[in-house]
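One structure below.
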Amino acid sequence: MHKTASSLHIFNSLSGQKEPFAPIENEQVGMYVCGPTVYSNVHLGNCRTFISFDLVYRYLKHLGYSVRYVRNITDAGHLENDADEGEDRISKKARVEQIEPMEVVQKYTVDFHQTLAAFNTLAPNIEPTATGHIIEQIEIVKRILKAGFAYEINGSVYFDVEKYNASNHYGILSGRKLEDMIHNTRVLSGQNEKRAPQDFALWKKAEPQHIMRWPSPWGDGFPGWHLECTAMSTKYLGEQFDIHGGGMDLKFPHHECEIAQAQAINHKSPVNTWMHANMLTLNGKKMAKSTGNNILPNELFKGSNPALSKAFSPDVTRFFMLQAHYRSVLDLSSDALEAAEKGYKRLIKGVELLSDLPESKKSSVVIDEYIDSFYNAMNDDFNSPILIAQLFEIVKLVNRIQQGEETLTSTDIEKMQNAVHSFVFDVLGLTLASKKDDNEYLDKAISVLIELRNDARSNKDFDTSDRIRDELLAKGIQLKDGKEGTTYSLSS
Ligand code: AMP
Ligand code: ZN
């Protein structure tokens, strides 16, 4: 294990406090993160959450922990509006596109993997699917029924929240009070087979037209969305494990229900540290598939979304996200991405200069203090913005060494190189892929063409100006004339 000046503290959503992190098993960490529901292309908001947990995974590994990282694929059971009624999201897509549900699942699982690989996120150790764990889910439903915390009605099984709450605390994670929930939901619930509106489905009876169905002791049906995460996390990480993560919007009801299900059968809290990553917004509103307020990663990489002035590389986008703390809301805009691009380039340039520094007999600064500041930042609840600020301090130091204002011994230079490389590439997960940034050279080449076109236009040589525009378009580069001048996007 790495010896660091401070020790890792993580903000636990369960206690609302930063707590010193100590795994259940010495140097092993079990971490479960709720994965995507694969019924459409993953958007940048989803990517932010997975990049946040990629940072957590990378830093735990950097500290020397052996981490078992489990992230599921939701390929059944997640109904529209996160509700207990309505169509399964995947079945609905299959119906609309007239393909098999498993074709929907395959298509969007591939998209998810390709997108996360573009962002240089590490693959989890286990990536279980909900449909691959129907037997485990049925077993848990049986156990919850046996424990007396669920009831069967018309082939469906529901969790009895009020009964559970009599001897446990439903709302322990979200801070919601059952009385308020009862009060607020009663009005909304119409005719419903549930005994109480706050109860949630463990198993749902499949109507004849429902395609994704499995036999069970209660007839043909499908599992509830909350149940799959309890089944898969327990199977691979045990009844009690270290970290459970997901986006902030999953805290209630999804994670609250996970706690209730596990507590009901194991009589102990399933997770020591609950972590929730905050939302990526666009125009101040949460990015979401359902509202259409979102940008797809490919639109960003190609600059093809009208909200963007140009294309941005995956590295720049990742850097942009890591410049905010994972628990803060982050708003995406062209201006913010452009600023991040400048920062990313400055950082990478600084890293490159590190390999070519003059050596001295004496160091004029204490390099360990700089390196400690990296650990202090990350040990403080994975504070990547502070880490990045500290890395910029190194860039400044490098410049001062080049100017002859500071000196470092060869040993210290090597120490600094190793630490900076570890934090920039292994922990932050940035790469040099954008160094010879195609976009940068393309930007420059196209700006020359845009200038020539402008000259031709002012000389009223419209044959030439139209030719530049049309031939670029034929090659998949579209010029866009706007108030602020001409920009371009790539169409393929
Ligand atoms: P879903 O596929 O909708 O189940 O979402 C997958 C993950 O993305 C979950 O952890 C969500 O909390 C997270 N998520 C959804 N929208 C956003 C957003 N706008 N910003 C950050 N994370 C999000
Ligand atoms: Zn989940």
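What the table shows:
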| quantity | calculated |
| --- | --- |
| Within-12-Å neighbourhood charge of residue 40 [Cβ basis; K, R +1; D, E -1] | +3 |
| Exposure rank, largest accessible area first [107, 92; 1.4 Å] | 107, 92 |
| Rg over Rh [alpha-carbon atoms, Kirkwood Rh] for the range 66-218 | 1.00 |
| Dipole of the chain [Lys/Arg +1, Asp/Glu -1 at C-beta], most positive-end residue of 148, 26, 7 | 148 |
| Extended-chain gain in nm, criterion 0.36 nm per residue less alpha-carbon gap, residue 328 and residue 400 | 22.6 nm |
| Percent of Cα-Cα distances greater than 24 Å, calculated over the range 1-159 | 50 |
| Environment charge of residue 320, counting only residues whose C-beta is closer than 12 Å and scoring Lys/Arg +1, Asp/Glu -1 | -2 |
| Computed over the range 180-326, the ratio Rg/Rh where both radii use C-alpha atoms and Rh is Kirkwood | 1.05 |
| The range 433-490 - charge dipole about Cα centre, Lys and Arg +1 at Cβ, Asp and Glu -1, debye rounded to 20 | 80 |
| Neighbourhood net charge (10 Å Cβ-Cβ; Lys/Arg +1, Asp/Glu -1) for residue 79 | -3 |
| Integer Hz, Karplus 6.51/-1.76/1.60 couplings in order for the range 14-27, x for Gly and Pro | 6, 9, x, 9, 7, 10, x, 8, 9, x, 4, 9, 3, 10 |
| Relative pair counts by distance (%), Cα atoms of the range 281-427, 10 Å bins | 10, 35, 28, 17, 8, 1, 0 |
| Length-normalised contact order for the chain - Cα pairs under 8 Å, 6+ apart - percent | 17 |
| Alpha-carbon Rg with Dmax, taken over the chain, Å | 26.2, 85 |
| Extension gain (nm, one decimal) between residue 409 and residue 293, 0.36 nm per residue minus Cα-Cα | 36.5 nm |
| Carbon plus sulfur fraction of accessible area for the chain, probe 1.4 Å, in percent | 48 |
| Inverse of mean 1/r across different Cα pairs in the range 233-303, Kirkwood, Å | 14.4 |
| Antiparallel DSSP beta bridges within the range 5-277, percent to nearest 5 | 50 |
| Between helix 334-353 and the chain: long-axis angle, C-alpha atoms, 0 to 90°, nearest 10 | 60 |
| The chain: angle of helix 44-62 to the longest principal axis, Cα-based, in degrees nearest 10 | 80 |
| Helical mean residue ellipticity (222 nm; -39500 (n - 2.57) per DSSP H run of 4+; nearest 500) of the chain | -14000 deg cm²/dmol |
| DSSP beta bridges in the chain [antiparallel fraction, %, rounded to 5] | 50 |
| Efficiency of FRET between residue 459 and residue 481 - r from beta-carbon atoms, R0 25 angstrom, step 0.05 | 0.90 |
| Links that overshoot a 29 Å alpha carbon limit, given the list 205/286; 61/92; 107/342; 345/483; 289/480 | 205/286; 61/92; 107/342 |
| Accessible area expressed per residue, the chain, with surrounding protein chains retained (probe 1.4 Å, Å²) | 46 |
| Overall dimensions of the range 5-277 by Cα: Rg and Dmax, Å | 18.5, 62 |
| Relative contact order (%) - the range 333-492, alpha-carbon pairs under 8 angstrom, separation at least six | 19 |
| Rounded Å value of the spacing that divides the Cα centres of the range 127-182 and the range 270-292 | 24 |
| Kirkwood hydrodynamic radius of the range 273-323, Cα pairs, Å | 12.2 |
| Spatial separation of Cα centroids for the range 221-262 and the range 440-481, in angstrom | 54 |
| On Cα atoms only, tilt of 384-402 relative to the major axis of the chain in degrees | 20 |
| Rounded to whole Å, sorted largest first: equivalent-ellipsoid semi-axes of the range 433-490, Cα gyration tensor | 22, 12, 10 |
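The values are calculated or read from the model by the stated rules, or taken from the named source; none is laboratory data. All values derive from a computational prediction rather than experimental measurement. Cβ atoms come from the backbone with ideal geometry, glycine included; neighbour counts cover every protein chain shown. Heavy atoms of the whole protein, side chains included, go into the accessibility calculation; ligands, DNA and RNA do not. Shrake-Rupley method; radii C 1.70, N 1.55, O 1.52, S 1.80 Å.
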